[in-house]
Amino acid sequence: MSAKSMFSTTIAAAAFALTSLTAGPAPARADWEGVELDHNGSTVTFTASRGTIVYSWVKPSLRGTIAEGDVLFRGKIDMTQGKISGTAYVFKRGCAPAPYAVTSVKTQLGNVKLVGAAPVRDPKSCAIIGSSLSSKNAVLEFTENGDI
């Protein structure tokens, strides 16, 4: 990609980011195809047409527990209405991902927050012993450049 092309892409992205910070409807669904955002130091990709949020780059401390391509969320990503709802997953090394219902409380391109009562596992096994809105997994935040 040429420097001119990169500059044009950067300017277009910055202009879109500024317009998405204003009140009003969320961006159209097409704007969420392939959008990459930070999630706790890893990179995830939103694909509205498939209704998925997938890990595209996993930070080193989570490798072995989470792999690139693992699904973090599956459900409905309807950015024309500014709503996301579906099933998120909690990961623990050696255990199957544990599903839980989440819904959006904030949906702006570059800043998304999903909330739901996350599964709580027995510290010595994969058993789910409850769920909690105060769990560190109860709030999933997705931001540009890791900013919250």
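Does the stretch 114-130 contain at least one residue that is more than 22 Å from GLU33 (Cα to Cα), touching a Ser or Thr at 6+ places or on another chain (Cβ under 9 Å), of a type in the set (Lys, Arg) and surrounded by fewer than 16 Cβ atoms within 10 Å (Cβ to Cβ)? The answer is no, given that none of the residues of the stretch 114-130 is more than 22 Å from GLU33 (Cα to Cα), touching a Ser or Thr at 6+ places or on another chain (Cβ under 9 Å), of a type in the set (Lys, Arg) and surrounded by fewer than 16 Cβ atoms within 10 Å (Cβ to Cβ).
Listed here are the residues, each with its yes/no results for (1) of a type in the set (Val, Ile, Thr); (2) within 14 Å of ASN40 (Cβ to Cβ).
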position	(1), (2)
VAL58	yes, yes
ASP70	no, yes
ALA98	no, no
ASN111	no, no
ALA118	no, yes
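Among the residues of the stretch 48-65 satisfying the criterion of being among the aliphatic types (A, V, I, L, M) and in contact (Cβ under 8 Å) with a residue 24 or more places away in the chain, which is nearest to GLY116 (Cα to Cα)? If we take residues in the stretch 48-65 being among the aliphatic types (A, V, I, L, M) and in contact (Cβ under 8 Å) with a residue 24 or more places away in the chain, then ILE53 is nearest to GLY116 (Cα to Cα).
For the stretch 74-99, residues that are surrounded by fewer than 16 Cβ atoms within 10 Å (Cβ to Cβ) and either of a type in the set (Gly, Ala, Ser) or more than 21 Å from SER132 (Cβ to Cβ) (or both) total 7.
What strands (runs of 3 or more DSSP E) lie completely within the stretch 76-148 and have 1 or more residues being in contact with a strand residue (DSSP E or B) (Cβ under 8 Å, 6 or more places away or on another chain), closer than 20 Å to THR52 by Cα and at pLDDT below 95? Give the steps one after another, and end with the answer.
Details: elements: 83-90, 98-108, 111-115, 118-121, 128-132, 139-143.
The strands (runs of 3 or more DSSP E) meeting that bar are 83-90, 98-108, 111-115, 139-143.
Within the stretch 66-75, the residues that satisfy the criterion of being closer than 20 Å to GLY116 by Cβ and either assigned to a strand (DSSP E or B) or not charged (D, E, K, R) (or both) are ILE66, VAL71, LEU72, PHE73, ARG74, GLY75.
Considering the stretch 46-71, and only residues there that are hydroxyl-bearing (Ser, Thr, Tyr) and at pLDDT 95 or above, the residue that is farthest from ALA88 (Cα to Cα) turns out to be SER61. Would it be correct to say that VAL71 is surrounded by fewer than 17 Cβ atoms within 10 Å (Cβ to Cβ), out of contact with any Asp or Glu (no Cβ under 7 Å at 6 or more places or on another chain) and closer than 15 Å to PHE142 by Cα? When the stated conditions are applied, VAL71 passes them.
The values are calculated or read from the model by the stated rules, or taken from the named source; none is laboratory data. For clarity, every value in this text was computed on a predicted model and none was experimentally measured. Methodologically, a virtual Cβ is constructed for each residue, glycine included, from the backbone with ideal geometry; neighbour enumeration extends over all protein chains shown.
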